[in-house]
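What follows is a set of notes on a single structure, which appears directly below.
The values are calculated or read from the model by the stated rules, or taken from the named source; none is laboratory data. Keep in mind the model is a prediction, meaning the values are calculated, not measured. Note that each Cβ is placed from the backbone with ideal geometry, even for glycine, and that neighbours are counted across all protein chains shown. These area figures cover heavy atoms from the full protein model, side chains too; ligands, DNA and RNA do not enter into them. Shrake-Rupley method; radii C 1.70, N 1.55, O 1.52, S 1.80 Å.
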Amino acid sequence: MGSGLISTRVIKEISPDPIFHMTRKHRITIVDDEANIGLSLRLILEGEGYGVTICRSAAEFQAHRGPGRADLYLLDVRLPDGNGIDLLHAIRQSDDATPVVMISGHGTIQDAVAATRSGAFDFLEKPLARDRVLLVIRNALDRFDLQRENQRFRVLVGEAPKMIGRSDAFRRALEQATQVARSDAGVLLTGESGTGKELLAAHIHRESPFSARSFVKVNCAAIPTELIESELFGHERGAFTGAATMRRGKFELADGGSIFLDEVGDLHEASQAKLLRVLQDGEVQRLGSERTIRVAVRVIAATNRRLEERLAEGRFREDLFYRLSVVPIRVPTLRERVQDIGDLARYFLAEFCHRNNFRPRTIADDVLPVLEGYAWPGNIRELRNAIERMAILSPGHTIGIDAIPHEIRTPAAVRSTGLHETRDSAERDRIRQALDQTDWNVSSAARLLGVERTSLHKRIRTLGLSRT
């Protein structure tokens with residue numbers, strides 16, 4: 001069609017929308033009841049690399065619309081079940097900041113003024129000139145991207161939680177997380193409860209290209225088994241007893257952004273199969289619905305379980321495990337981060353005092369050795385709780401050794417480690433020794449250890465080993 005006008009005849013039959021991948025440039029939703037216009041726009045926009053969804057009515061658009069579903073709306077003024085200007089009002093009243101471009105075959109100056117006053121970026125008249133359409137869309141998306149980037153920088157500078165730690169173990173995990181954040185690869189965070197897996201997942205999202213979109217958190221262990229599928233994938237009205245209204249699932253809410261599946265090892269088999277479908281096909285299906293919905297979601301999973309054992313027991317799907325753990329990252333325990341305890345303690349104290357309008361307090365020098373000598377079975381979460389308890393019970397401005405909880409400052413036998421932890425520690429040391437001896441040549445190290453090279457690669461990833 002070159003740069004001429006968009007024809008109102010059917011150009012050709014277009015196949016259904018491809019699955020949205022994270023690498024798509026932008027996604028545009030067209031709301032127009034004229035099939036020829038929709039198909040012509042789709043042909044042009046998909047040729048420019050945009051993802052396109054077409055809705056034939058206001059009702060269909062409202063059912064499809066959700067956080068992160070599109071980067072721009074093209075709305076016809078006249079729709080079979082409503083007015084595009086009224087639809088624009090509804091979009092803005094719902095705090096949806098997605099840019100809107102109005103289109104009309106019967107446009108007037110009054111319509112254009114009404115549209116721009118209601119928050120439309122621009123107003124296009126039919127017949128639509130190809131170059132004009134593309135220019136308006138590019139300008140609208142450029143401005144919206146700039147607004148989102150500014151918002152992202154405000155979050156990074158102001159409200160984002162700090163990643164505190166100088167220890168080698170923590171810096172290694174943080175560096176791995178920062179590197180993988182630049183891609184859309186699946187990440188599996190492993191580690192004990194309370195080590196900060198959720199914080200690291202949020203860091204991955206903030207450092208990713210998808211940070212301007214939603215970061216949706218799901219604790220798979222906290223949701224009853226019978227409700228987990230509805231929570232993840234949504235349900236239609238009447239899908240089951242108590243489903244009085246339609247509800248979008250977490251994957252729909254996270255569309256275009258990231259979803260954090262905490263304690264993913266607790267998913268039952270049916271939910272694992274549906275999760276695998278999302279990862280493979282980019283589609284979800286609400287309970288009680290026959291319609292599939294395309295989503296593009298970056299999945300970050302976490303578990304404190306040994307998924308390899310659940311695989312061997314047949315309680316976790318092998319294909320799902322490998323989909324989730326494209327990049328496994330082991331989050332170290334606080335016992336492995338002793339040199340970070342002082343920095344963490346001071347940070348938690350300052351944060352607590354600020355939150356509760358307490359005067360700033362300090363930690364006495366003789367307190368830190370006691371904190372550093374404790375095993376911290378609850379990891380960072382336990383340290384934070386202990387510091388807040390000490391702040392509450394200390395009458396002065398300096399927190400002394402008497403404020404340390406009894407179970408922490410009373411000498412006790414070294415906490416016994418479990419069989420798995422002891423085995424992993426010994427195996428980690430032996431593999432690292434072999435890798436160091438062979439200058440990190442995995443094939444040579446495998447021969448030295450008497451194991452298959454592929455098996456050694458898997459153990460290196462599982463144990464979180466990396467060359468320092």
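Of (1) open to solvent by 10 Å² or more (accessible area, probe 1.4 Å); (2) assigned to a loop (DSSP other than H, G, I, E, B), D255 satisfies all except one. Which?
Against the list (1) open to solvent by 10 Å² or more (accessible area, probe 1.4 Å); (2) assigned to a loop (DSSP other than H, G, I, E, B), D255 comes up short only on (1).
Just to be sure I understand the filter: pairs with C-beta atoms under 9 Å, separated by 6 or more residues or on different chains, first member in the range 303-316 and over 24 Å from G194 (Cα atoms), second member surrounded by fewer than 15 Cβ atoms within 10 Å (Cβ to Cβ) and among the polar types (S, T, N, Q). Which pairs pass?
Once the first residue is over 24 Å from G194 (Cα atoms) and sits in the range 303-316, no partner that is surrounded by fewer than 15 Cβ atoms within 10 Å (Cβ to Cβ) and among the polar types (S, T, N, Q) comes close enough.
If V218 satisfies all but one of (1) among the aliphatic types (A, V, I, L, M); (2) outside any strand (DSSP E or B); (3) closer than 19 Å to D266 by Cβ, what's the number of the condition it fails?
The one condition V218 does not meet is (2).
Mind checking whether some residue in the range 50-60 is closer than 18 Å to I137 by Cα, assigned to a strand (DSSP E or B) and of a type in the set (S, T, N, Q)?
Scanning the range 50-60 turns up at least one residue that is closer than 18 Å to I137 by Cα, assigned to a strand (DSSP E or B) and of a type in the set (S, T, N, Q).
Could you tell me which residue of the range 329-363 is nearest to the chain's Cα centre (by Cα), considering only residues that are of a type in the set (V, I, T) and part of a loop (DSSP other than H, G, I, E, B)? Before you say what the answer is, go through the steps one by one.
Residues of the range 329-363 that are of a type in the set (V, I, T), as a first pass: 329, 331, 333, 338, 341, 362-363.
Filter again for part of a loop (DSSP other than H, G, I, E, B), leaving 331, 333.
Working: V331: 17, T333: 23 Å.
Here the answer is V331.
Quickly run through the range 364-378 and pick out the residues that are crowded, with 21+ Cβ neighbours inside 10 Å and either among the basic types (K, R) or under 36 Å from the mean Cα position of the chain (by Cα) (or both). Before you say what the answer is, go through the steps one by one.
Our first condition is that a residue be crowded, with 21+ Cβ neighbours inside 10 Å; within the range 364-378, this holds for 367, 371, 374, 376.
Correct list: L371, Y374, W376.
When both residues are 6+ apart or on different chains and their Cβ atoms are under 9 Å apart, which pairs have a first residue that lies in the range 216-232 and is crowded, with 19+ Cβ neighbours inside 10 Å, and a second that is aromatic (F, W, Y) and outside any helix (DSSP H, G or I)?
Here the result reads V216/F260; V218/F260; S230/F240, each pair linking the range 216-232 to a residue that is aromatic (F, W, Y) and outside any helix (DSSP H, G or I).
Return the only residue of F210, F240 being open to solvent by 40 Å² or more (accessible area, probe 1.4 Å), in contact (Cβ under 8 Å) with a residue 40 or more places away in the chain and either touching a Pro at 6+ places or on another chain (Cβ under 8 Å) or not in a helix (DSSP H, G or I) (or both).
Values: F210 fails: open to solvent by 40 Å² or more (accessible area, probe 1.4 Å).
One residue alone meets the criteria, F240.
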